[in-house]
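Student: Sharing a structure here in structure tokens format.
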Number of protein chains: 2
Amino acid sequence: MKFELKGKDKLSKARAGEITNDHGKILTPIFMPVGTAGSVKAIHQREVRKDIEAQIILGNTYHLYLRPGLEVLKNAGGLHKFMGWERPILTDSGGYQVYSLAANRKIKEEGVAIKSHIDGSSHFFSPENVMDIQRVIGADIIMAFDECTPYPCDYSYAKKSMEMTHRWLERCCKRVDETSPLYGHHQSLFPIVQGSTYKDLRRISAEKIASFEREGNAIGGLSVGEPAELMYEMAGEVCEILPADKPRYLMGVGTPENILECIALGIDMFDCVMPTRNGRNGMLFTQNGIINIKNEKWKQDYSVIDENSDCFVDKDYSKAYLRHLMVGKEILGMQIASIHNLHFYLWLVTEARKQILEGTFYEWKNKMVKQVSRRL
Amino acid sequence: MKFELKGKDKLSKARAGEITNDHGKILTPIFMPVGTAGSVKAIHQREVRKDIEAQIILGNTYHLYLRPGLEVLKNAGGLHKFMGWERPILTDSGGYQVYSLAANRKIKEEGVAIKSHIDGSSHFFSPENVMDIQRVIGADIIMAFDECTPYPCDYSYAKKSMEMTHRWLERCCKRVDETSPLYGHHQSLFPIVQGSTYKDLRRISAEKIASFEREGNAIGGLSVGEPAELMYEMAGEVCEILPADKPRYLMGVGTPENILECIALGIDMFDCVMPTRNGRNGMLFTQNGIINIKNEKWKQDYSVIDENSDCFVDKDYSKAYLRHLMVGKEILGMQIASIHNLHFYLWLVTEARKQILEGTFYEWKNKMVKQVSRRL
């Protein structure tokens with residue numbers, strides 16, 4: 001994997017870069033649509049590729065391990081072939097599911113015992129077997145196994161957890177370095193900074209994580225319920241420490257506003273279920289603000305969904321039609337909203353990159369942050 | 001509306017025709033995908049057009065009347081504009097919903113009082129207001145308001161009901177003839193033959209219906225649970241009487257096998273929810289038989305969904321992947337199966353037409369009937 005910096009903003013820490021790996025190029029800053037179980041929900045692969053123009057998508061190790069399971073994935077030749085996606089893929093490590101399925105798991109130094117959300121069956125995840133699982137899935141970028149702490153989290157727990165995440169990282173690196181990819185393409189391991197909302201812990205973690213000198217670095221444990229200002233403070237602190245010549249990935253973030261602010265702090269990669277999950281529920285993100293398409297006010301608005309977009313869903317369908325589909329729980333409504341939102345998110349990061357390269361990012365960002373967070 | 005016969009099979013009653021109306025041409029025999037509430041479920045309009053190559057789709061008057069409602073449809077300029085579909089549309093009259101929502105309605109000579117399946121609100125449908133509603137929806141082909149009898153149905157009820165359907169037809173014709181289309185394109189009213197599974201009633205009804213000399217004729221009250229042989233017998237009997245120079249539409253039919261057999265009896269138009277509804281549940285129709293994609297046997301079948309098809313879903317995805325999506329209840333699975341099945345249904349009627357024109361229909365039909373009804 002190669003990462004080249006192509007430009008920097010003068011008034012913020014924003015950067016434009018280019019990642020190259022065996023499945024293609026990724027222009028940063030980038031947003032990665034979430035394809036939890038090997039499908040970006042409600043969207044055909046050709047639409048993810050041609051209409052949304054996603055450059056990389058994300059898969060969830062925990063979900064893929066449970067279903068379709070490793071045997072199916074291995075015999076398919078990995079996730080790329082299984083789902084028919086030839087561009088880069090990143091997989092998380094399951095650390096976030098350990099956090100979000102808190103009621104069903106037990107964390108120990110050795111690893112995590114967890115009960116399946118599907119059938120209650122018992123499974124054990126360790127830094128080692130999570131690396132092995134990600135070898136089988138075969139993503140281009142794989143994530144270290146970490147503990148994602150909740151918000152709020154008391155200092156002593158945050159510190160102990162972070163230290164365990166660091167020990168787990170050593171085990172992850174060891175396992176990855178003593179094994180090989182299964183499908184002939186390189187896999188890059190990204191470690192994850194933790195430390196909850198404590199600046200000193202975040203600094204310690206960032207320094208520790210950077211010392212492993214992997215091909216990229218990630219920030220976890222944010223966007224778990226803390227105020228946005230606190231998230232920005234932590235992300236900013238960590239970006240100061242993480243090496244500038246490697247991509248920085250802020251996990252699970254966020255709203256269009258969050259993404260713009262974090263680009264300004266020096267983040268290069270983002271993922272979030274918001275555009276698809278909230279889309280399926282009728283929330284549309286646009287340049288001019290947020291639309292709840294189920295509202296009565298759109299009932300007879302026959303204008304196209306987004307007059308600023310050239311995406312087919314934004315030109316083919318009206319707001320009134322989409323509202324009708326959403327109110328009637330028609331599947332097509334979820335399809336349209338998901339494509340619209342992801343197309344917008346990809347437009348947003350692509351435009352941010354252009355503004356960075358043109359030296360106009362900071363002003364543009366400040367204007368856009370106001371626009372995108374309005375309620376229409 | 002114009003209907004031209006382009007060819008006839010010598011060994012059966014099958015015909016190849018061409019309907020021309022203000023929204024385009026329809027080559028018959030044709031299958032019409034069902035778009036109940038203004039959406040062919042789980043499929044984008046551009047896919048219905050370009051990938052499935054549907055020439056006409058069906059909308060349900062009852063559903064569209066309830067949601068989005070007439071005000072929204074009227075101000076949109078009709079259903080074509082509302083949903084962004086520029087090819088022909090046919091709407092049913094709600095007669096079938098009167099049948100299928102039997103618990104919630106009361107039938108009188110004047111019309112039918114019915115409770116909404118959405119919110120329990122009360123509505124009254126009469127031959128007159130159903131014509132008015134279909135004027136507002138604006139389909140190219142509109143259906144007479146009829147009573148669809150259940151199976152089995154005793155003779156005296158079937159006879160009385162049929163006679164009322166005939167009286168209702170007079171009222172439908174009167175209303176249509178004294179009103180005008182709202183959006184500048186012509187609307188053709190098709191009357192519906194009833195008479196349950198009684199040959200003499202079917203003959204009486206077909207003669208009565210034909211005497212109205214409308215632009216096309218339909219056969220209703222079949223495919224409601226009777227054995228296929230009985231359906232073929234009734235359809236065959238009616239086709240002998242309905243005029244040959246007008247299209248014949250068999251409502252709500254059916255399996256690929258049913259369609260082939262009924263083409264052989266002289267039917268020109270079909271609609272059915274089966275390809276989409278059963279598709280959403282994992283049943284795939286192919287040239288070689290029926291696949292239940294949820295079965296364990298497809299778990300590691302990495303071959304494409306249908307090697308005989310050039311539709312994108314059949315080439316882009318494997319059986320193992322589609323099975324994974326279906327087992328996990330991923331929306332994309334429903335999208336893929338729906339497109340596959342409708343593409344196959346359209347292929348089937350297109351191929352039938354070709355075989356009719358080439359004089360090879362009968363043998364081909366007998367071979368295909370065996371193939372398509374196998375379980376794979």
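The values are calculated or read from the model by the stated rules, or taken from the named source; none is laboratory data. Keep in mind the model is a prediction, meaning the values are calculated, not measured. In this analysis, Cβ positions are derived from the backbone assuming ideal geometry, glycine residues included, and neighbour counts consider all displayed protein chains. Only protein heavy atoms, including side chains, enter the accessible area calculation; ligands, DNA and RNA are left aside. Shrake-Rupley method; radii C 1.70, N 1.55, O 1.52, S 1.80 Å.
Student: Of everything in the stretch B:95-115, what is within 18 Å of B:GLN194 (Cβ to Cβ) and of a type outside the set (A, V, I, L, M, F, W, C)? Give them in sequence order.
Tutor: Of everything in the stretch B:95-115, those that are within 18 Å of B:GLN194 (Cβ to Cβ) and of a type outside the set (A, V, I, L, M, F, W, C) turn out to be B:GLY95, B:TYR96, B:GLN97, B:TYR99, B:SER100, B:ARG105, B:LYS108, B:GLU109, B:GLY111.
Student: Okay, moving on. What tally of residues in the stretch B:344-376 results from selecting those that are basic (Lys, Arg) and outside any helix (DSSP H, G or I)?
Tutor: 2
Student: Are there any pairs with C-beta distances below 6 angstrom linking a residue in the stretch B:64-88 that is more than 10 Å from every other protein chain (Cβ to nearest Cβ) to a residue that is surrounded by fewer than 23 Cβ atoms within 10 Å (Cβ to Cβ) and among the aromatic types (Phe, Trp, Tyr), with the two at least 6 apart or on different chains, and if so which?
Tutor: That search, which allows pairs on different chains as well, returns B:GLY78/B:TYR183.
Student: Here is a list of conditions, (1) open to solvent by 70 Å² or more (accessible area, probe 1.4 Å); (2) in a helix (DSSP H, G or I), and B:GLU110 meets all of them except one; can you say which number that is?
Tutor: (2)
Student: Condition first: within 28 Å of B:PHE344 (Cβ to Cβ) and in contact (Cβ under 8 Å) with a residue 60 or more places away in the chain. Can you find one or more residues in the stretch B:204-216 that meet it?
Tutor: yes
Student: When only residues in the stretch B:344-354 that are open to solvent by less than 20 Å² (accessible area, probe 1.4 Å) and out of contact with any Asp or Glu (no Cβ under 8 Å at 6 or more places or on another chain) count, which is nearest to the other protein chains (Cβ to nearest Cβ)?
Tutor: The selected residue is B:TYR345.
Student: Residues that are open to solvent by 50 Å² or more (accessible area, probe 1.4 Å): which strands (runs of 3 or more DSSP E) entirely in the stretch B:1-105 hold 3 or more of them?
Tutor: Of the strands (runs of 3 or more DSSP E) lying wholly inside the stretch B:1-105, those with at least 3 residues that are open to solvent by 50 Å² or more (accessible area, probe 1.4 Å) span B:2-8.
Student: Let me ask something else about it. Within the stretch B:298-343, how many residues are touching a residue at least 60 places away in the same chain (Cβ under 8 Å), within 9 Å of chain A (Cβ to nearest Cβ) and part of a loop (DSSP other than H, G, I, E, B)?
Tutor: 0
Student: When the stretch B:164-217 is examined, which residues are found to be among the polar types (S, T, N, Q) and either touching a helix residue (DSSP H, G or I) at 6+ places or on another chain (Cβ under 7 Å) or open to solvent by less than 50 Å² (accessible area, probe 1.4 Å) (or both)?
Tutor: Selection gives B:THR165, B:THR179, B:GLN187, B:SER188, B:GLN194, B:SER196, B:THR197, B:SER205, B:ASN217.
Student: A follow-up question, please. Return the only residue of A:GLY289, A:GLY252, A:GLY279, A:GLY266 being within 25 Å of the chain's Cα centre (by Cα), under 25 Å from B:GLY69 (Cβ atoms) and touching a residue at least 60 places away in the same chain (Cβ under 8 Å).
Tutor: The unique qualifying residue is A:GLY279.
Student: Here's something else I'd like to know. Taking only the stretch B:129-163 into account, find how many residues are open to solvent by less than 40 Å² (accessible area, probe 1.4 Å) and in contact with a helix residue (DSSP H, G or I) (Cβ under 7 Å, 6 or more places away or on another chain).
Tutor: Residues in the stretch B:129-163 being open to solvent by less than 40 Å² (accessible area, probe 1.4 Å) and in contact with a helix residue (DSSP H, G or I) (Cβ under 7 Å, 6 or more places away or on another chain): 17 in total.
Student: Is it the case that some residue within the stretch A:123-130 is over 26 Å from A:HIS186 (Cα atoms) and more than 10 Å from chain B (Cβ to nearest Cβ)?
Tutor: yes
Student: Which condition number does B:CYS173 fail, the rest of (1) under 30 Å from B:LEU79 (Cβ atoms); (2) in contact with a Gly (Cβ under 7 Å, 6 or more places away or on another chain) being met?
Tutor: (2)
Student: To continue, here is another question. Restricting to the stretch B:239-262, and then to whatever is assigned to a helix (DSSP H, G or I) and farther than 19 Å from B:ARG203 by Cα, can you tell me which residue is most open to solvent (accessible area, probe 1.4 Å)?
Tutor: So, considering only residues that are assigned to a helix (DSSP H, G or I) and farther than 19 Å from B:ARG203 by Cα, the one most open to solvent (accessible area, probe 1.4 Å) is B:GLU257.
Student: Output the qualifying pairs, or none if there are none: Cβ atoms under 7 angstrom, residues six or more apart or on different chains, first residue in the stretch A:35-46 and more than 7 Å from chain B (Cβ to nearest Cβ), second residue part of a loop (DSSP other than H, G, I, E, B) and open to solvent by 10 Å² or more (accessible area, probe 1.4 Å).
Tutor: As it stands, the answer is A:THR36/A:ASN60, since those pairs meet every condition given.
Student: Quick check, is B:GLU226 in contact (Cβ under 8 Å) with a residue 60 or more places away in the chain and buried (at least 16 other Cβ atoms within 10 Å of the Cβ)?
Tutor: So B:GLU226 passes the test.
Student: Do we find that B:SER188 is within 21 Å of B:ALA113 (Cα to Cα), in contact (Cβ under 8 Å) with a residue 12 or more places away in the chain and of a type outside the set (Phe, Trp, Tyr) in this structure?
Tutor: No: the conditions fail for B:SER188.
Student: Out of (1) crowded, with 24+ Cβ neighbours inside 10 Å; (2) at the interface with chain B (Cβ under 10 Å from one of its Cβ atoms); (3) closer than 18 Å to B:PHE82 by Cβ, what's the single condition that is false for A:ILE293?
Tutor: Going through (1) crowded, with 24+ Cβ neighbours inside 10 Å; (2) at the interface with chain B (Cβ under 10 Å from one of its Cβ atoms); (3) closer than 18 Å to B:PHE82 by Cβ one by one, A:ILE293 breaks only (2).
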